[in-house]
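The values are calculated or read from the model by the stated rules, or taken from the named source; none is laboratory data. Source: prediction; values computed, not measured. Positions of Cβ are backbone-derived with ideal geometry, glycine not excepted, and every protein chain shown enters the neighbour counts. Ligands, DNA and RNA are stripped out before the accessible areas are found, and what is left, the full protein with its side chains, is counted by its heavy atoms. Shrake-Rupley method; radii C 1.70, N 1.55, O 1.52, S 1.80 Å.
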Amino acid sequence: MVRGSKCYKVLQARGNANFRCLISPGCKAATEAPAEGTILRRNAAPISDSGYCRSFNYAAFSSTKCSQPESCTRIPLNLMRALANRSIDVSSLGASSSVQRTPVCSGSTGLIGSGGGLQSVRHLQTLAVTPTGPKIIKADTEETIEVSVDGHSLQIPKGMTVLQACEVAGKEIPRFCYHSRLSIAGNCRMCLVEVEKTPKPVASCAMPALPGMKIKTDTPLVKKAREGVMEFLLLNHPLDCPICDQGGECDLQDQSMVFGSDRGRFTDTKRSVVDKNLGPLVKTVMTRCIHCTRCVRFASEIAGVPDLGVLGRGGSEEIGTYVENLMTSELSGNVIDICPVGALTSKPFAFTARSWELKSTESIDVSDALGSNIRIDSRGPEVMRIIPRLNEEVNEEWISDKTRFSYDGLKRQRLNEPMIRRPGGYLEPVTWRAALSAVAQAVHQVKPEEMAGVVGKLADAESIIALKDFLNKLGCENTWCEGIGANIDADVRSKYLLNTTIAGVENADVFLLIGTQVRKEAPLLNARIRKAVRNNRAKVATIGPPIDLTYDHEDLGDGTDALIQIAEGKHPFSTLLSKAQHPVVIVGAGVFERSDKDAVMAVVETIVDQAKVVRDDWNGFNVLLLEAAHAAALDLGFVPGVTAKLLSKDHLKFLYLLGADDIKPDDIPKDAFVVYQGHHGDRSAYRANVILPGAAFTEKEGTYESTEGRTQQTSPAVPSVGDARDDWKIIRALSEVVGVQLPYDSVSAVRARFLAVSPNLFRVDELEPPTVWPQSITPRSSSSKIESSPFIKAIDNFYMTNSICRASRTMAQCTSAFANLKQI
Amino acid sequence: MATAVRATMTRGSSASLEEAKHRVVDFFREVCRYLPSIMDRYNLYEVITPAQLRSQISAQFRKHSDVTNRKVIDLLVFKGQEELQYCLDHAKQRHHLLSTYVVGREGMVQHNKLGVLDHGESEFLKNFYQSNSL
Ligand code: SF4
Ligand code: FES
């Protein structure tokens, strides 16, 4: 049974028609599990302390946004106290509508405070600032109450829990089960504090701070309570820290050092639990589990896969997947981070390194277009693991499994020296000098119109601008970027970026997803949409390949029919869209490569116009780019120039592939000279005449722009392999050998070039919002006719999308483990 | 054995620039006195003559000829004494001396430049051919 996120009453009420929840008749907690209309609470029963729906409890007792917005009414304090005293006639409350609604805080500031610790204090000051979305999110900062923590009195916003109040006061409260992004479970009891006039210590994470409360965090009682809890937790926890991968970064280890007793009184045998198989990514040692249920709550609340749950009670309580099941989520790796002990650890990382011998480098992920913030942990020249870094605006504290686990691909199939294909067809390793002059020779033999440059998925902005400058200097305008289609409009930024921004998506209430499988293309954006669905009860409709998005959505078909109907106002969904307060339309990669793309985009823009998706204070038109290189390539204008479209691909005699692996060998004319610059001997390397080894994203300082227009930089964590060079340097060197020397000698000079072409790429770590929506431009009347063919799947296998993944053993294991499952 | 003849002394700082200079000259003389024994111990006769070694060492001194701060001079002398002590104690091995005083630091870096025709390339391209980190 899933505990934690669900209403107790849901569980009790199953199959019992006499239950009905009086407090929140609209509570959706029930509909997620039992059949619709299940009655939650015994009719007209008097309210008892434990009788409420849990989500209602949270709503009342903390500033958490409950997942059921209708019932999530932040109950005014007097009412709450009245409830506590049971001095109120519940039946007079009627539906939740009679409860005076205080502004409901939205998910992103739901729990005031972030990852925990003292960050919350900083967070408080920035609360009033909405990340980007125009919806005003306000915490109840006007309404404050006074509490005292260890004798210091302080003003805190109403609705905070005792634990949060202590954090504001700078007192760190030990905790295991509490996690600011998950619902409150209150089952580890590590956060006990003393509150004056209460007979027992209280669990601070689940207790609302009330005016005048006198909280004490360092009394002998608290100390004893913590020691007691610690002793109980350690009763059944194995003593295998020396061989445990969590060792050194384990909450249990740390907290037992600080709060635990110096000796044990336990002589019995410890219990042991059978390990569960969660798939190729997450290793389990379930004997170590302390039943905090964080992983269960993460799976059902954030990842949206109710795979994990608690079985049994008391001494036989276990976390598991009910039946022999794998954990089928593209976010599953995050349970490794949130598990406070070593019960869930990384399988590929197992026994390979200890956390204290690793060097950490803060960097950016390139496996999708979101630019998740990551930390690369390396030992010597080897990347040992990749873990997320906190960035509220991008990835919060999660990353996808591809980001986390594809690093082992960085050690295989690497190109480490320049090579030239000899007449016999074999590749011969040569010096850089020889390789570059071979390329130069080829360049001199073809006309500029017969050349082309293709940028691949993982290229950084520096190499893109260098390649563009180089080819333009030669007179070639035949340049394009893989995977965004040939005729993309790169003139107006707002037409190819995720205008609502990743964080802004949380505020939306109606979604129309066109030709995109968000869950595969950008798992963390999908998690944000799921948040909007849970918090704002957003409605989601998809036009495109059917997919399990982990939340309720309406499938409007996979072809363009529904799209046209919506544009004509004939579809029921068009009313929903135009009535929405914060509508969001997301156009995905399934649209980019269509031959009738212009026509489709014209229809989309009609819809956008009609439903007023773009307004002064809200831009709900979004294009979800697929790959890390795309936004920068478009910003830098790496698209076919005017002269380029005249020639067909058959005339190409010289092709420069900057890590472009998806170009089909059949599309390349037999006699064309192909230069492949990249870090992996992937598909295109087999066709290349000359191979120039470049650096992977873990080895260079490269600028990347995310799909929402945020410029970020990777930093080198490990040295480049063999004789490889940074990518922009290769092109710069080649330009000189060819005789059209590029005017930059250092990376800062290349970046100065950004200033001239696309200044936003110069301002690292800033989100450059697209310019205002060009209102004067009417929807393009497209000449091409729209076809009714279905939207293609841009990604077939989530685990195999770029050259690094394809070289990764872990990703291959995932592919075979999840191949038969539809979900991912 | 001449080991542990002397331990590196710490003295108070020089009262004047004159005194500091005096210490430098004293120290150089001291080094020269130990040179033959160092040549012996490390078998340096086959690679360098005492006179050459002496001039190598005086070059090290001259490197700092522009220093006028007496405290800095004192410190340099102290470091020199330390180095000498290491040589006498055999805290160093032969290749340490070879790389510092016989071949010189520059001589230890591999030069791909040697024997390569200058094609009139830019500095960037020359560095590019050599390594990724230049
Ligand atoms: S496996 Fe880890 S996260 Fe899950 S309940 Fe056990 S200790 Fe908590
Ligand atoms: S953190 Fe409060 S009970 Fe677990």
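The residues of region A:155-187 that are within 14 Å of ligand 1 (Cβ to nearest atom) and farther than 20 Å from A:Glu397 by Cβ, listed by number, are A:Gly186, A:Asn187. Just one of the listed residues (A:Lys531, A:Lys447, A:Lys520, A:Lys495) is touching a Ser or Thr at 6+ places or on another chain (Cβ under 9 Å) and closer than 25 Å to A:Leu658 by Cβ, namely A:Lys520. Reported count of residues in region A:284-300, each being basic (Lys, Arg) and either touching a Ser or Thr at 6+ places or on another chain (Cβ under 9 Å) or more than 14 Å from ligand 2 (Cβ to nearest atom) (or both), is 2.
Every residue, every condition in (1) in the same structural domain as A:Lys653 (by TED's automatic domain parsing); (2) of a type outside the set (A, V, I, L, M); (3) without any contact (Cβ under 8 Å) to a residue 40 or more places away in the chain, yes or no:
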position: A:Pro693; (1), (2), (3): yes, yes, no
position: A:Lys700; (1), (2), (3): yes, yes, no
position: A:Ala733; (1), (2), (3): yes, no, no
position: A:Glu736; (1), (2), (3): yes, yes, yes
position: A:Gln741; (1), (2), (3): yes, yes, yes
position: A:Ser746; (1), (2), (3): yes, yes, yes
position: A:Phe754; (1), (2), (3): yes, yes, no
position: A:Phe762; (1), (2), (3): yes, yes, no
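For the criterion of being surrounded by 12 or more Cβ atoms within 10 Å (Cβ to Cβ), in contact with a Leu (Cβ under 9 Å, 6 or more places away or on another chain) and either modelled with pLDDT under 90 or among the polar types (S, T, N, Q) (or both), A:Ser784 fails.
Which condition number does A:Glu450 fail, the rest of (1) open to solvent by 20 Å² or more (accessible area, probe 1.4 Å); (2) over 17 Å from the mean Cα position of the chain (by Cα); (3) not assigned by TED's automatic domain parsing to the domain that holds A:Pro640 being met? Result: A:Glu450 passes all but (3).
Can you confirm whether region A:192-211 contains a residue that is assigned to a helix (DSSP H, G or I), within 16 Å of ligand 1 (Cβ to nearest atom) and surrounded by 14 or more Cβ atoms within 10 Å (Cβ to Cβ)? The answer is yes; a qualifying residue exists. If A:Pro779 satisfies all but one of (1) open to solvent by less than 10 Å² (accessible area, probe 1.4 Å); (2) modelled with pLDDT under 90, what's the number of the condition it fails? So A:Pro779 meets the others, but not (1).
Restricting attention to region A:184-205, and to residues there that are polar (S, T, N, Q) and within 12 Å of ligand 2 (Cβ to nearest atom), which single residue is modelled with the lowest pLDDT? Lay out the reasoning, then the answer.
Taking region A:184-205 as the starting set, the residues that turn out to be polar (S, T, N, Q) are A:187, A:198, A:204.
So of that shortlist, the ones also within 12 Å of ligand 2 (Cβ to nearest atom) come out as A:187, A:204.
Numbers: A:Asn187: 91, A:Ser204: 95.
Only one residue tops the list, namely A:Asn187.
Residue count for region A:740-768, restricted to those that are within 12 Å of chain B (Cβ to nearest Cβ) and among the small types (Gly, Ala, Ser): 2. Can you confirm whether region A:173-189 contains a residue that is touching a residue at least 12 places away in the same chain (Cβ under 8 Å), open to solvent by less than 20 Å² (accessible area, probe 1.4 Å) and outside any loop (DSSP other than H, G, I, E, B)? The answer is no; no qualifying residue exists.
Here are some residues: A:Gln517, A:Gln565. Which one is in the same structural domain as A:Val608 (by TED's automatic domain parsing) and surrounded by fewer than 19 Cβ atoms within 10 Å (Cβ to Cβ)?
Working: A:Gln517 fails: surrounded by fewer than 19 Cβ atoms within 10 Å (Cβ to Cβ).
So the residue among A:Gln517, A:Gln565 that is in the same structural domain as A:Val608 (by TED's automatic domain parsing) and surrounded by fewer than 19 Cβ atoms within 10 Å (Cβ to Cβ) is A:Gln565.
Under the condition of being surrounded by 21 or more Cβ atoms within 10 Å (Cβ to Cβ) and free of Cβ contacts under 8 Å to residues at least 60 places away in the same chain, the residues counted in region A:388-402 number 1.
Confirm whether A:Thr501 is of a type in the set (S, T, N, Q), farther than 27 Å from A:Ala696 by Cβ and out of contact with any Phe, Trp or Tyr (no Cβ under 9 Å at 6 or more places or on another chain). It is true that A:Thr501 is of a type in the set (S, T, N, Q), farther than 27 Å from A:Ala696 by Cβ and out of contact with any Phe, Trp or Tyr (no Cβ under 9 Å at 6 or more places or on another chain).
Would you check if there is a residue in region A:671-689 being buried (at least 19 other Cβ atoms within 10 Å of the Cβ) and charged (D, E, K, R)?
Yes, that holds for at least one residue.
Does region A:724-746 hold any residues that are under 33 Å from the mean Cα position of the chain (by Cα) and among the small types (Gly, Ala, Ser), and which are they? Hit for region A:724-746 is A:Ala724, nothing else. Looking at region A:536-549, can you tell me whether even one residue there is assigned to a helix (DSSP H, G or I) and either out of contact with any Asp or Glu (no Cβ under 9 Å at 6 or more places or on another chain) or closer than 17 Å to A:Gly620 by Cβ (or both)? Yes, region A:536-549 has at least one match.
Applying the selection to region A:688-701, what residues are of a type outside the set (Gly, Ala, Ser) and more than 35 Å from the chain's Cα centre (by Cα)? Lay out the reasoning, then the answer.
Within region A:688-701, the subset of a type outside the set (Gly, Ala, Ser) is A:689-693, A:697-701.
Hits for region A:688-701 are A:Asn689, A:Val690.
Considering region A:611-647, and only residues there that are at pLDDT 90 or above and part of a helix (DSSP H, G or I), the residue that is most open to solvent (accessible area, probe 1.4 Å) turns out to be A:Asp635. Within region A:339-354, the set of residues being within 16 Å of ligand 2 (Cβ to nearest atom) and either open to solvent by 10 Å² or more (accessible area, probe 1.4 Å) or touching a strand residue (DSSP E or B) at 6+ places or on another chain (Cβ under 6 Å) (or both) comprises just one member, A:Cys339.
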